Every structure is written in C-alpha cells, then in structure tokens.
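Here's the structure we're looking at; comments come further down.
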Amino acid sequence: MKISDILENAIEEKLNHVKLTELKQYASQLSEKYMYQERTGDTLLNTEIEALAYSIMRMPATYGAVYTALKHTLERIDGNIQSVLDIGAGTGAATWAISELLDTKNIQCFEREQVMLELGKSFMNQNPKLKDISWDYMDIVEDDLDVKADLVVTSYMLNEIKPENRKDVINKLIKSSNHIILIIEPGTPEGFQNIKEVQKRAIENNLYIIAPCTFQGVCPLPNEDWCHSIVRMERTKVHKVLKSADLPYEDEKFSYIAISKEKCDNSGTRILRHPMIEKGKITLKVCHNGEIEDMIVTKKDKELFKMVKKKKCGDWI
Ligand SMILES: C[S@@+](CC[C@H](N)C(=O)[O-])C[C@H]1O[C@@H](n2cnc3c(N)ncnc32)[C@H](O)[C@@H]1O
C-alpha cells in the first residue's frame with residue numbers, strides 16, 4: 001500500500017522551505033521520543049519542523065493502519081456512514097485514509113497542536129476532495145466534545161493521554177458517536193493495553209465489538225501477549241532519506257478496535273501471529289469465536305491451504 005501521490009507531493013513540496021540535515025536531526029529525535037518518552041499528557045511536538053518530520057516519518061504508516069482497520073470494520077457491518085470525527089487528527093493521516101473508503105465530505109478534524117493542525121490543513125488544501133474538511137482546535141481532555149457523528153476515529157492518540165484521563169476520553173469518544181467508534185493504537189503491548197481498556201468500556205456500556213475480535217467479550221489473551229495487525233507500506237523517497245533506509249517498504253504493526261452501538265455479528269477466525277509455513281503444512285495461532293487455538297492446515301485441504309498461504313497476522317480466514 002502507498003499514500004496517494006497528492007499527499008506525497010504535498011509533503012515533498014514543504015521540503016523546499018527547510019534544511020534536510022536539520023529535518024533529519026528532528027526526525028531522529030522524534031523517533032526517540034515516540035519510542036521512549038513517558039506519556040504524561042504533555043505535548044510530544046510543537047514546532048513546524050517537528051510537525052513536518054512527523055508527517056514524513058509517521059503519516060504513511062498511520063494512514064495504512066487506519067485504512068486497514070476501517071476496511072476490516074466496513075466488511076463486517078451494513079452501516080451507512082454520513083459523518084466522521086477525526087480526534088487528535090495530527091496532520092490528517094486518518095482522514096486521508098477514511099476518504100479513500102467512504103464517500104462523505106462531512107469529516108471534522110480536531111487537534112490540539114496548532115502546528116499539526118495547520119500542516120494537516122495545508123496538505124488537504126492540495127486535494128479537491130479534502131479541501132473543505134473542517135479543522136478545529138480541541139483538547140479532548142480539557143474540552144467538551146459537543147458534536148456527534150456516525151463514525152468517530154482516533155488513531156495513535158490514546159497513548160498520548162495521561163493514563164488517569166484515558167477512561168474519560170474513551171467515554172467522550174463513545175458519547176460522540178451515533179454508530180461506530182474506531183480506535184487505533186501502536187501494535188505494542190502498551191498500545192494493546194489501551195485497546196483492551198476500550199474493550200472494557202464497550203462491554204460496560206452494552207456496546208458491540210465489530211472487529212478485530214471474534215466474539216463479544218473480554219479478550220482471552222494472557223496479559224503478556226498482545227493482538228496486532230500488520231500493514232506493509234511503500235516508503236516515500238523522502239522517508240527513505242530521513243530514515244537512511246534501503247528497504248523500499250516498512251511494516252507497521254498496529255492494534256485496533258471497532259465498536260458499534262448497533263448489534264453485530266463478529267464471529268469468525270482471525271490470525272494472531274505470523275503463519276508458520278513448512279513444507280506442505282501451515283501452523284496458525286488463531287482467535288476462533290473467542291477461543292485462542294493452534295490451527296494446522298495441510299496440503300491435503302487444497303483450497304484452504306492455498307487461501308491461508310496468502311494470509312498474514314491480523315487477517316481473517
Ligand atoms: C501520534 S499523533 C497521531 C496523529 C494522527 N491521528 C495520525 O494517526 O497520524 C497524536 C496526535 O494526538 C494529538 N493529541 C494528543 N493529546 C491530545 C489531546 N488531549 N487532545 C487533542 N489532541 C491530542 C497530538 O497533538 C498529535 O497530533
């Protein structure tokens with residue numbers, strides 16, 4: 001998967017105004033912060049150059065994660081989604097992905113960092129389909145969210161909220177949705193703990209889980225394990241330069257949960273780990289209707305074997 005040419009060009013155009021060596025330095029500092037800095041609710045970035053570094057380093061991956069999570073979600077519901085809120089929109093990655101999958105211009109982006117908001121808005125101005133999307137300042141911890149939409153999305157934001165505020169923020173997101181709430185987090189043990197917290201709130205509020213779970217209940221995975229999906233993104237030219245990377249792609253691991261205010265059937269089988277492929281045999285760790293199982297598919301089962309061979313961690317069977 002790849003971000004659109006319009007977005008790639010919009011990002012590249014900004015490079016004319018900065019020194020590449022300086023940008024590289026900010027990009028590497030930002031990676032360190034995202035990997036190691038404790039989440040206290042304080043801002044992780046607030047200068048124009050940091051926002052640009054974020055958009056180059058992270059937007060393709062977060063775009064891919066939101067696109068994949070929303071695609072899986074839409075495959076499981078008959079929803080008519082006419083309006084969307086993108087909370088903690090950053091530089092707009094989620095909205096770029098959403099607009100590939102949904103035919104609505106009624107998307108509102110909310111963000112608390114002015115530099116992210118301005119950069120996100122300027123990227124969307126380059127796309128006729130997105131140039132009228134509204135962007136507003138909002139701090140989801142401090143402010144009331146007094147708008148509602150059919151779909152409420154927040155990607156890679158929950159982990160930036162101080163742990164003691166997360167419950168309130170999740171409740172606000174739930175309250176502001178008419179139908180679906182989609183929350184995406186990094187595919188790490190910490191990110192997955194946040195997803196489990198959302199699952200807990202969903203169950204408490206008598207809501208329904210659409211994806212990725214295969215039953216309506218508390219996740220049966222042991223605490224030391226975590227559930228994630230993977231999306232492979234083509235690297236942009238400038239991403240390769242900033243990361244000093246040779247590989248033409250990167251694999252983004254993400255955890256997510258989609259919940260619904262309407263009843264839905266999420267039964268099925270989902271692959272939890274990278275399939276182990278041996279000669280004539282594939283071993284899969286799966287979540288099947290809420291049970292964690294090892295599944296072995298052999299060549300004898302020709303059709304299933306062929307189908308499963310193409311699958312990866314996070315896919316459905
Ligand atoms: C890692 S970025 C993710 C941006 C975007 N959603 C994406 O997926 O690329 C997290 C964003 O959440 C925003 N954020 C963090 N805390 C926030 C809060 N309390 N209210 C609103 N936005 C917040 C940050 O400013 C940042 O832009």
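A few notes on this one:
- Here the calculated FRET efficiency for Glu224 and Leu145, from their Cβ-Cβ distance with R0 = 25 Å, stands at 0.15, rounded to the nearest 0.05.
- Point-to-point label distance, Asp132-Ser267, nm (Cα→Cβ direction, 7 Å offset): 4.4 nm
- Calculated [222 nm] ellipticity per residue, helices only, for the chain: -11000 deg cm²/dmol; basis is -39500 (n - 2.57) per DSSP H run with n ≥ 4, divided by all residues, nearest 500.
- Filter on Lys24/Lys71; Lys243/Lys312; Lys14/Lys175 - keep pairs with C-alpha separation over 28 Å: Lys24/Lys71; Lys14/Lys175
- A Gaussian network model of the chain, with springs between Cα atoms under 10 Å, assigns the largest mean-square fluctuation among Phe305, Phe123, Phe110 to Phe305.
- Counted charge near Leu272, where neighbours are those whose Cβ lies closer than 12 Å (Asp, Glu -1; Lys, Arg +1): 0
- Ranked list, fewest to most other Cβ atoms within 10 Å of each Cβ, for Glu185, Glu142: Glu142, Glu185
- Euclidean distance between Cα centres, segment 97-142 to segment 1-62, Å: 17 Å
- For segment 5-260, share of DSSP beta bridges that run antiparallel, in % to the nearest 5: 50 percent
- Residue with peak Gaussian network fluctuation, the chain [Cα springs, cutoff 10 Å], from Lys162, Lys300, Lys24: Lys300
- Net charge contributed by nearby residues that have their C-beta within less than 15 Å of Met233 (K/R +1, D/E -1): +3
- Counted by Cβ distance under 13 Å from Lys200, the other residues give a net charge of +2, where Lys and Arg count +1 and Asp and Glu count -1.
Readers should treat all values here as calculations from the given coordinates under stated rules, not as data from a laboratory. Computed from a prediction, not measured in an experiment: that's the story for all the values here. Note that each Cβ is placed from the backbone with ideal geometry, even for glycine, and that neighbours are counted across all protein chains shown.
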